[in-house]
Every structure is written in C-alpha cells, then in structure tokens.
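These notes concern the structure reproduced below.
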Amino acid sequence: MFPPVPNPTTQPTPPKFGDQDLIRRSASNVTPPAQRQTEVAKLIDVSKCIGCKACQSACIEWNDTHPEIGINTGVYDNPHDLTPDMFTLMRFTEWENPETNNLEWLIRKDGCMHCEDPGCLKACPAPGAIVQYSNGIVDFIHENCIGCGYCIKGCPFNIPRISQVTHTAYKCTLCSDRIAVGQGPACAKACPTQAIVFGTKDEMKEHAAGRITDLKSRGFANAGLYDPQGVGGTHVMYVLHHADKPEIYAGLPNNPRISPIVEAWKGVTKYAGLAVIGFAAAAGFMHYLVAGPNRVSEEDEEAAEKLTGEEPRP
Amino acid sequence: MTNSWTDIRNTDLVVIMGGNAAEAHPCGFKWVTEAKANRGAKLIVVDPRFTRSASVADFYAPIRQGSDIAFLLGVMNYCIKNDKVQWDYVKAFTNAAFIVKDGFEYKDGLFTGYDETKRDYDKSTWNYVIGDDGYAVVDDTLTNPRCVWNLLKAHISIYTPEMVERICGTPKEKFLKVAEMISECSTPTKTMTSMYALGWTQHSKGSQNIRSMAMLQLVLGNIGVRGGGMNALRGHSNIQGLTDVGLMSNLLPGYMTLPNEKEVDFDSYMSTRGFKPLRPNQTSYWQNYKKFFVSFLKTMWGAAATPENHFAYDWLPKLDVPGYDVLRAFELMNQGKMTGYICQGFNPLLAAPNRTKLTASLSKLKFLVTMDPLDTETSRFWENHGEFNDVDPSQIQTEVYQLPSTCFAEDEGSLTNSGRWLQWHWPGGTAPGEAKTDNWIMAQIYTRLRDLYRKEGGAFPDPIVNLDWSYADPGEPTAEELAKELNGKALTPLMDPTDPTKVVVEAGKLVPSFAALRDDGSTTSGCWIYSGCFNENGNNMARRDTSDPDETGAYSKWAFSWPVNRRILYNRASADLNGKAWDPSRKLIEWDGQKWSGYDVPDIAPTAKPQDVGPFIMNAEGVSRLFVVGMMRDGPFPSHYEPFESPVTNLIAPKIRGNPVARVFKGDFAQFAEPASQEFPYAATSYRLTEHFHYWTKHVWVNAVLQPEFFVEISEELAKEKGIVKGGWVRVWSKRGSIKAKAVVTKRIKPLICDGKPVHVVGIPLHWGFTGAAKKGFGPNSLTPFVGDANIETPEYKAFLVNIEPIAGPVA
Amino acid sequence: MNMELSRRQFLAATGAGVAGTALGAFGFGEIEAAHAEAIRAFKLVNTTETRNTCPYCSVACGIIMYSKGDLKKGEKAEIVHIEGDTDHPTNRGTLCPKGAALLDFVKAETRLKYPMVRKPGSDKFERISWNDALDRIARLMKDDRDGNFVQKNNDGVTVNRWTTTGFLAASATTNETAFATYKVVRSAGMLVFDNQARV
C-alpha cells in the first residue's frame, strides 16, 4: 500500500513553504528562490477509480464551499461542471472498446493540473492573482483577482471558474494549506482505493510505473502516464489504461499546450508593459483573438476600448 | 463475514455477486484493490448492471436478477465435472461422505414432503442414516449412491452452461469464463473470496443464494483460510451488532433462540438444544447452550432468577408463530391488530415494501413513537406532501411522538462491523437542542413503565418490576456499565472444574471469556459471544494497537473481535488433516504436535488433535454441510426458483411460482404480477448508490449535491423502444404503486436474452423521500412486493416486475 | 449579477493591474501584503480531537472529529471538521463520499432538536416537553399491555406475550444501547420486535 496521508496536526506549525518559494507571479516579476523545493504531485490512477466522489465530498468539506443542489440530467456527473464551489469533479464516460467489444466505464477526476508551465498564470493580467510555488503548486489569490476570466482562456484544461458572488476565479489549490503543514490534499486522503495518491513528483512517477506494469499484465497494452510535456509536465498526473487516447476520458486533451495567443500576450506585456496604455491594448487584443464566450462582458470590453481608444472590431 | 475487511488483501480472486462493494462499501473495497495491486488478484463481477465494482473488474458477466442459484450451481457443476475440487478438504471437512435416509428425493422442483396447503415441508426424510452406535453413517470412499456427494452431483447436474444461459441470460462463453476462473481456486494454494450483500439476501430464496456460494467455497476449500471465506457485507454500521445481541423477534442474544409455546418448560426447551455430536470426538460447541442461556437469564432478572423458578424461564415471551418480523408487524397493523409501534432509528415507511399498505397500516395505530437524530418520513407519514405523500391528515387518528436522539458524534459505545470487530467510539460534540441519547430515552421509558406497574399493578408485572436495572443512574445507564453486562461476571467465586480448591474468577469480577460461564446461576453474561469484550483487562473494544506481525491483516490487538478475539472463523480449516497449512504462504494456525497456534485465536480447542476433531465445531457433525439437516425450510440443497414476480416461468419446474415455501399473507398474492406478465413486462431491481447512505444522507447537503434527484436506469434499447430520453421524465408502476422519476439511459444496462426472449432491466435506486435537503422523490418501495425469504423473511426487493412510460415533466 | 458593480470593479482593477505591471517592471515589485494570504491558515489548529467510527456502513471506518471546545473537560463542544483516521487498520484515513461529509450530517438542518407530538387528526407537529411525552408514552404502553397481554394460550400454556405493541430497533445504535433496548422490550413480553438487518 502506498503510504497513506498522515492525520492532521492540531498544533500550530510553521508553513513549509510561502512567499519566499514563489517562482512565478501573474503580471509581476519575482526573484526565484536559490533552491527549488522538491516538486510535489498528485497521481490519479483512473484504472483504480471507482467514481465514488469521495474526492468531491472531501474537497467541499475541507474548502468550506457550498455548491448548489442541482438536478439529474440523465447522467451521474454532479454537479454538472466545475463551479466556483466545486473544484473537482468526476466525469463519467461509457466507452465501448472497439477492440474487445467490452464496455468500459471511464471515470476521470477533473480539476486543476497544476501545470509546470501554467497557462492561467501566464494569461492573468492581475498582478499576484495567480502564483506558482517552487514545489509546483499553482494557487489563486482572490484579493488580487479582478475576475476577468483570462485564466480560463489561458488554461488548456478549462478549469478555473468565476464566482458570480465574489467575482473572482476559483480552482483547486492542491490543498496548499494542508501541504504547508505536511499533509496531503483532502481528496487524496479520502480516496478509498488510493486512486489518488500524493507525494513528490518523482515518487509519483515511480508509483505510476508500477501501476502501468500491472495494467499491461492485465491486457491494457497502451497503459501509461499522462504528464503532458506541452505544459512542461503537470503536478497532477493521470495513470490511464489507454494513454494513447486521452480524449476518450471525457475530453482530456491529447497534447495540451498554452494557447499561442497567451504566449503572445506575455510577449506584448514584456515589451509594452511599462505603459498604462500597453496593458489595456494588449488585453483588448487578446480578447479579440480568443474565440468563444468570455467572462468579460461586452460592456467591460467597451470600457476597455474607450481606455485604449481602439475602435470596436467586428 | 467469516473473515475481515483487512483480510481481503490475501485473496487471489474476488467474486462480487449479490452485492456491489465498490459502490456500497468503498473503503472496504480498498482491500480488493490492494489484493489486485500487490498479489495480482483478479476481480469478477456478476450483476444485472455494469456497476461501479464492474468498472474496475477484470471480468464482468451479466445475470438476470433472481437467477443466482442457477448460476452458482452451474459453476459447482462445472467444477465437479472438470475435477476442480479440493478433494482433501471436501473429504475431511464436509459432510460429503454422510449417508442420507432413503426416501429423500428431489423431483419437479420439490423435495420430499411438500404440503401445498401449508406451503411447508415435512422434513423427516431430510436426514442422515444413524448407525447403531448413535452416530451418522459415512462412506469415506464416496461411492455409496446415497452419500451427500453423489446426491449433490445428481442434484446440480441439470445446471449445464446451456441451462445457465437460458435461465440467467448470461452468455455461455461469459459464464464459462467465470466458471473457469473460479475453478482455478480449487488448488490449496489459490483462494477466492465471496463478497455479497443484499443483492443475494433480498430474494424469496435469499438464504439459499448464500448457501449456494458457501457450498461452492467448501468444494474449493476456501472456508477458514486467509483471503477466502463467505463475506456478507452488512449494510449498516451496527446491524451485525444488533443481530448479535438478538434484537429480532425470535432471537436471544448470541444466536440463541426464544422459546416457542410448544416448549412449555425449561427442560423441554433444552431438550431440543442438546446438540449431541453426530460423529465421534466432535466438539459440538452448542452443548454449552445451557451455560449461555442461564447466564443470560441471570443478567436479565438477577436475584429474581433462581434455580427454583428455572431462572425465570417463564418470564420470556413464547412464540406462537416462527417470528414477528417487520412484514408480519405491518400485516397485523393492517388487520387492525396492533395498538402501538416504536421505531428506533428506523424509517419503515421508506424501507419496507408496498408503501400503500404501510401507510394504511400506520394509520390504524393508536400511537407511533419514533426515535431518531434526523427527521423521517415515518414520523411524518400523516403529513400531506402532495404526490410524494398524498394523505389526508384529518382522516388519520394516530398519535405520533417524534423523539430527538443524539447521533454517533455525541454518543459513546461500541459498534460491531461486518468483520465482527467491536470498536469503541467516543463522543466529541454537544447534542443539538434537547436531543438525548438512546440509552436515556430507553431508560426513561422503562423506569416510567416500571413505576406505573409498581404503583398500579396490572398484567403480569413480574418480568418488568424484577428486571435487573441496577445502574448508578437508573435514568441513564452508561455505555461502560452496559458493556460490562454484555461481557458478564461471576456472582459467586468460580472454582476450577479440575481443581475444586482453586478459584478461577472471584465473585464480582468480570469473566475473562464465555469459557468461564456456568449453568448453575453463578455467572451472568448478556451476550455470550461478546464475552471477553470488557473483562478485567479493561475495555478491549477500545484497544488501538495497530501491530500486525507478518502483515497477515489480522490486527489482533486492535479492538475486539467476537468470538474470543478470533479474526477468521473456522480457521482450523486453514490447515490440512495433519494440521499443516494448506498454503504455507498463507499460514494461519498450525498444529505443532501438542497444540494449535499461529496468527489467530484457534477456532478449536488448543489441544484438539487434528485427525480426531473436525474444524466446524459449532456443528454436531464436526464438519461443514453440503447437505443441511433441519435448518433450511426450502430444502437441504439449493434449487432454482424464480422470484414471485418474474419475467419468465421457471424453466426447471414450470408449475412452481416463486419459492414454494415462502410465506405469503392473504391478499398479497393477489397483488403480484403474473409470471411473464404482459402488463408488467420489465424486470426491476432496487439498490444503493455510492453517493448516499440509505435514507439518511438525503439530509446531508454535500451528498444531496453529489446525487440530487431520484432517477431510474434503463438500457438504450428499452429507451428507444419506449421513446424515453436521457434526463427525461418517466412513470414506473407495478401492481402496487406508481412513481415518477428522471431517466438515466445507459450502456451499463443491456437487455438479457433468457431462453430466447429479451428481458429488460429497470434499475431503481433508493435514497429519496419527502424530507431532507435533496429533491423530493420516490423510492422503489412504493412498487416492491410484500413477500420475504422463506427462512428469514428478508423482503424480495431485488426482483419484481414493472412497466415504464415516458411522461411530461412537472411544470417548472 | 450586478453588472454595474462588475464594470466598476473591472475598471478599478484594470487600473490597479496596470500600475502593478508597471511597478513590477520597474523593479518595485515588493511582495504585497495580500500575497502572503495565498495559503489559508490551517483550520484545525488548537481544535480538540475525538476518535469515533463512521455510522453509515459496516466497514466502520475510523474517523477523527475536530471540535472547538472539549467535552471531556465539561465544555460545550462544536464539531468543526471530520476526516478519516490514518491510524485505523481498515480505512487508513480514507473515507467514502458519505463519510467525508459526516460534518454535514452532524449539522444537518433537519437534525431533530425537540420532542414533538402530532395529535390525532392534526396536520402539524407541536413541541412537547420530554416529561410529558415520556409519561404519555409509558401510559399508552401500559394501557395496551394491560389490555392485551396474553399470559396463557388456549392450551393453558404459560406464554406471557404481548403482541399489540411492537418495537423496531435501529441499525446504528451501539451494542450497549441494543442491550438496554433488549432488556426493556423483552421484559415487557414484546414479540413484535425486529431490526434493520433485512433492508
């Protein structure tokens, strides 16, 4: 058995990481620490997951969120999507394997991947609203968040959600408060079958290798680890029975990468960021380029255009 | 469970059939995933639905609900035909060699002695041939055609793979794959565990479902060994304990039974409980019955229970029927024969079958009392909730008291888990409002009743006013006081039977275990099998030592496991006839020439010689029973019977409907759909979902978020046939009621082909009602039939007939 | 959503954001005070731990309840968090979706707080004191028992049974409560007695 997550302490404990360990901060420069902390990771073994939603339950309780009671829409997924009050979600897919004609019920725990190269952070125009610690945790700081929604656009996994109450963005923190005192995330502690385990990234890769060997012995020839390099690897990884087809797991991206537009935006700020005009222009530019609905309202957009003096575009 | 949750890690093959452990017991299921990950164990799931357990299985086979016996006897037939039998085990540890009386036979679906008017058997031929020496006659060569083994072989020979496919709808090749995987566990070094739950019990032949698998496990030599066993996954946290302590109509604590009215006195009661050994040298442990019985009576009535009054034997009520189970209770209520009903943490309006009948029954009571930490539908059965509880309060004259009790977080004491571990828990929170502990409430009711009898007299007050209630605070006994009572104590100094000058237990001291109990009134013990739980060593249920030498999964110093801290029942059977482990890598206890020892408390006298004394010490035979004498009402062997409401007729015995000896009350038969009914063509089944626990968690916000609304599950094929869309509304109705639900249309349910005819399954989860945080909804029990298992009256919730149609949803 | 507020917030934040960017680029990026708030304070600090077992299924997972206030010291105790006990051999700290949400059971809105009575024909529950409720229940029980208790059957055999009032026992009460219940029910001669083993 993988060593279980220890019981919490009730004694005051100095946090194991903090501001001094920041390696990235949205729309800001930071001086990275001389020594990087050991990278941590959560490994989600989809082949061991029974879809019980204990992770969702533990997440709600630990983070004191209060999701709404919805309705049944003919599927098991509840709530129906990630929300500002539901940071993680079991997504159920009934997949008939064309090679075996067997039904496989693929159940993937969706949530923040804590990318090494975080698209949300890179897209974020609000200084300090998104930070990345040297252990790999990407966290949102709501006081600094302006609710613009660019983090959603920047995220290759479509994870952050904006609260209509506080107008700031929310997502999984990897239970940074628990990890800071030597705990594992609440979901990993709860997971009945250890489909979620937590440790250093190296340990997780090693554990995954053992799992993959077991799966291959059971006929899953394409079992593998999902640690997508397009985002520099992630601090939440999956073991998949069909690693050659991640998209069958409720649309897990095959080769996620940060949108080139977000990269361009980073380029723009780098050169134009010294001036007030630069930020707004670049923001408008990016919003124009990014397709699909955005949390930024048309009215907000107009206001931004007025600021920059740009003409509305079709 | 014969074994424990943590023992499942030792298995090679897990068969989940008649249950859905991943869904209903996720943290116990952990040990399945551990066995898979660490031992390369395989998991087979056999179920009408592709369940959450199936989602992580190595092999899944579909089966029509209510046809498990045919499937299991088919596997047994396969094993015997292919010589996949653990012969040494079968010969030494089962009654395979016992010769059965002439006259016993099985024909046309019935055993000898059936009386159709009584719906019962004369079981006199269902017995062994007894020799002149008073012992059962055996043939160790297994050649006598009347030996159990040969009768069994003949009995199950009709369950061929083809027949299994016709009855169960399991494609032959899938059945054969399962049979082959199971049969591999007939070697001494490979074992299988059976994890089952209400998917097997909630049938009119539930007990025989379980017997079928138990027999298969014996044929494979998998009982008593690490990683093996028959593992009943109990549904509620302390339903094991409530049953151990005997809270059922016909039980006394520790699986002793209440007298019936034919047992007119103490001696006639004891005369049928002698349990003389049926073979030489056998233990037949129930020979100690009298010690446990007298100690129980002394616990009840203390000084008032004397040898002169046969320890107050007459104060126990005597049964006139086999039992007043919950179905009979509602039947009596409906007939107007009951005045009052007290529900302690039980919500029968949702949990019992045929809700229309339940509401009518409760409405005829003079008074109803509920004790619960949560609001319940039962306590509000009289309240109108629109279509969810369409009653007219003004027409219901029942006086209802709703008493608020504490919950686990505010309460102290022990619960017995499925693996028979008694674990102590401590209170950590202040109860809300005026909520009180159950101990307080029961004591308050009792002391008031007693005081009324003391003051006013009345009908036979003796057993009430003489009940031993000598607690420090009679108004609220403490958990510790009651635990010590369960354990038992010496009332006078107990002398060593082999040395009458030596005191083994001083007067007033707690007994170390039930071995110290006496039949002369010198000891007490509320529940003999719990004896040892709280002795002079302290509260053993509160032990928290996690040591586990060689990681066997025994955890012998954690809490207390009944009996006498034994972790695996029948563990003597883990070793061969010479006392050596069948599988050296899975050693449990072994014989060293003088005594038994090992990782567990031996389930046999420590000095009992392996060749002489059989491992099944509770049985008079000393061995286990492939053929059962006397105990099962519906046959010494299992036989396939259809549910009372079945989409097909019984292929093996076309004239027989349901279980021929199951009790059916007058009026209820008329409320069953015909076999292969056109009016109710679909095979329904009810079950739990992992997001919820019974009818409790609809009160819990988080769980209501995770699974908010009542639904039914059907196949894509049935949906197409009926024009039902995913997420749309449907009406589902049976001969007894009608419900509305959302439709989950899924590939996880597929039509089964039974004898050439498609059978559609309609899955109906429970969990919804008209109180709590989740959306109001119906449960399945508005639809379920009012009939139970022939032996223990568990309602037939898992197989009944319905019809279904799409409807317009409610106007938003 | 209040669009007006949203727009103003957006504009205000835009200004702040721009300033931040500029300052950062000029090397004035001292970490703001708000920044350190990223990691939430650990919420279990200085709470009291109590060991318990999950009341739902028969796996009986070990749990730890964290409270403000300590019952053992005679204080009022409010449970603020519950999670799995890693020391427990069976569950090793894990919990299912029900167990992980036990706090919401303890604090459910529909927890019962006061004894209630519903009078015959009434359409509502009304508050009643414990004393009045219990006195009345004992009276109802005694009147029924006195009226319907069967001491001898038709054959003259002593049977001492009472079948007109029944008792349904729970599934999650302790063994100790079970035994107290057993004593009360059986000493009264009740036979209509069952538990939830079958459902």
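No lab work stands behind these numbers, since they all come straight from the coordinates. Bear in mind that the values here come from a model prediction, so they are computed numbers and not experimental data. A quick note on method: Cβ atoms are made from the backbone with ideal geometry, for glycine too, and the neighbour counts reach across all protein chains shown.
Within chain B, the longest run free of trypsin sites (Lys or Arg not before Pro) that sit in a DSSP loop with at most 11 other Cβ atoms within 10 Å is B:119-654.
Rg and Dmax, both from the Cα atoms of segment B:5-232 and both in Å, are 18.2, 57. Positive end of the dipole of chain B (Cβ unit charges, origin at the Cα centre): among B:GLY74, B:GLY614, B:VAL745, the Cα lying farthest that way belongs to B:VAL745.
For A:VAL165, put the label point 7 Å out on the Cα→Cβ axis and report which residues of segment A:57-101 keep their amide N under 14 Å from it. It comes to A:60-61, A:63-69, A:83-87, nothing else.
Secondary structure note: in chain B, about 55% of the DSSP beta bridges are antiparallel. Between segment B:409-467 and segment A:5-33, the alpha-carbon centres lie 51 Å apart. Pull up the cross-link candidates among the aspartates and glutamates for B:LYS42, meaning alpha carbon to alpha carbon under 14 Å and not fewer than 8 places away within one chain. Candidates past the 8-residue exclusion: A:ASP214, B:ASP12, B:GLU34, B:ASP58, B:GLU180, B:GLU184. Averaging 1/r across all pairs of distinct Cα atoms in segment C:149-199 and inverting the result yields a Kirkwood radius of 12.1 Å.
Within the protein assembly as shown, antiparallel bridges make up roughly 65 percent of the DSSP beta bridges whose residues both belong there.
Annotation: amide H-H contacts under 5 Å for C:VAL199 (H modelled 1.01 Å from N, sequence separation of 5 or more, or interchain): none.
Amide H contacts for B:HIS25 (H built 1.01 Å from N in the peptide plane; partners 5 or more residues away or on another chain; cut-off under 5 Å): none found. Residue-wise HN-Hα couplings along segment B:42-55, as the Karplus relation 6.51 cos²θ - 1.76 cosθ + 1.60 with θ = phi - 60° gives them from phi, are 10, 10, 10, 10, 10, 6, x, 10, 7, 8, 4, 4, 5, 5 Hz; Gly and Pro carry x.
Excluding B:PRO643 itself, calculate the net charge of residues whose Cβ lies under 12 Å from the Cβ of B:PRO643, where each Lys or Arg counts +1 and each Asp or Glu counts -1. Local net charge: -1. Listed by Cβ neighbour count within 10 Å, with the fewest neighbours leading, A:HIS235, A:HIS142 appear as A:HIS142, A:HIS235. In segment B:776-802, which residues have a backbone nitrogen under 12 Å from the label point lying 7 Å from B:HIS385's Cα in the Cα-to-Cβ direction? Counting backbone N atoms under 12 Å from the label point, the list is B:776-779.
Taking a threshold of 20 Å on the Cα-Cα distance, which of the pairs B:LYS84/B:LYS580; B:LYS489/C:LYS72; A:LYS109/A:LYS189; A:LYS42/A:LYS171; A:LYS122/A:LYS205; B:LYS291/B:LYS595 fall above it? In this structure, B:LYS84/B:LYS580; B:LYS489/C:LYS72; A:LYS122/A:LYS205; B:LYS291/B:LYS595 exceed 20 Å between Cα atoms.
Remark: segment A:243-257, residue by residue, has Karplus-estimated 3J(HN,Hα) of 5, 6, 9, x, 5, 6, 8, 6, x, 5, x, 5, 9, x, 8 Hz, where x stands for each Gly or Pro and the curve is 6.51 cos²θ - 1.76 cosθ + 1.60 at θ = phi - 60°. Under a model in which nothing but the beta-carbon of Lys, Arg (+1) and Asp, Glu (-1) is charged, the protein assembly as shown shows a dipole of about 920 debye around its Cα centre.
What is the count of Lys pairs in segment B:323-475 whose alpha carbons sit under 26 Å apart, if the two are 8 or more places apart or on different chains? Pairs that pass both the separation and distance tests number 6.
Calculated FRET efficiency, A:ASN101 to C:ASP155, Cβ-Cβ distance, R0 = 60 Å: about 0.35 to the nearest 0.05. Label positions at A:HIS80 and B:GLU506, each projected 7 Å from the Cα along the C-beta direction, are separated by 7.3 nm. Both radii were evaluated on the Cα set of the protein assembly as shown; the Rg over Rh quotient, with Rh as the Kirkwood radius, amounts to 0.99.
For segment B:682-717 versus segment C:45-77, the inter-centroid distance based on Cα atoms is 29 Å.
Within segment C:33-125, the proportion of C-alpha pairs whose separation exceeds 19 Å stands at 57%. In sequence order, segment C:94-106 has phi-based couplings of 7, 8, 8, x, 7, x, 5, 10, 4, 4, 6, 6, 4 Hz under the Karplus curve 6.51 cos²θ - 1.76 cosθ + 1.60, θ = phi - 60°, and Gly or Pro positions carry x. Other protein chain C-beta atoms within 10 Å of residue C-beta, averaged over C:150-157: 3. Candidate membrane-span-like segments in chain B, meaning DSSP H helices with Cα atoms spread over at least 30 Å of their own axis and a Kyte-Doolittle mean of -0.5 or above, do not occur, with no membrane implied either way. Each other residue within a Cβ distance under 11 Å of C:VAL159 adds +1 if Lys or Arg and -1 if Asp or Glu, for a net charge of -1. Over all orientations, chain B has a Cα convex hull whose mean projected area works out to 34.7 square nanometres.
Pairs of Cα atoms nearer than 8 Å and 6+ residues apart set the relative contact order; for chain B it is 16 percent.
Exposure proxy shown here: for C:TYR182, A:TYR170, the number of other Cβ atoms within 10 Å sets the order, fewest to most, as A:TYR170, C:TYR182. Segment A:43-105 and segment A:129-152 have Cα centres separated by 24 Å.
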